[in-house]
Amino acid sequence: LKDLIDKLPDEFMRVHNSYIINLKNVSYIQDSHLIIEEHKIAIAKSYKDCLINCIDKLLL
C-alpha cells in the first residue's frame, strides 16, 4: 500500500495499515471508525489526527 498511496491523488489517504480511502467519500467519523456508504472502516490511532485535519481542509 505504501507505493500505491504515493501514486494516488491528494484526496486519497491511508487510515490504517490495511486501508486507503477517498476522503470525498467519507460519510462520517465515529470514534475509531469512519463510514463510507454502508462500510465501517477502522482508523488507526496514528492516522486519526491527520485524517481529521485533511477532512477539515477538504471542506474549506
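We did not get these values from a lab; they are worked out from the coordinates using the rules stated. Computed from a predicted structure; not experimentally measured. With ideal geometry, Cβ positions are generated from the backbone for all residues, glycine too; neighbour counts draw on all protein chains shown.
Table for the structure above
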quantity: Members of region 6-24 found to be part of a loop (DSSP other than H, G, I, E, B) and within 12 Å of the chain's Cα centre (by Cα), listed by number; calculated: D10, E11, N17, S18
quantity: Per-region count, region 21-35, residues hydrophobic (A, V, I, L, M, F, W, C) and loosely packed, with under 15 Cβ neighbours inside 10 Å; calculated: 1
quantity: Near pairs, Cβ below 9 angstrom, 6+ apart or cross-chain, from region 26-49 (at positive phi) to any residue that is part of a loop (DSSP other than H, G, I, E, B); calculated: D31/I43; E37/S27
quantity: Selection from region 25-45 of residues that are touching a strand residue (DSSP E or B) at 6+ places or on another chain (Cβ under 9 Å) and either polar (S, T, N, Q) or not in a strand (DSSP E or B) (or both); calculated: N25, V26, S27, Q30, S32, I43, A44
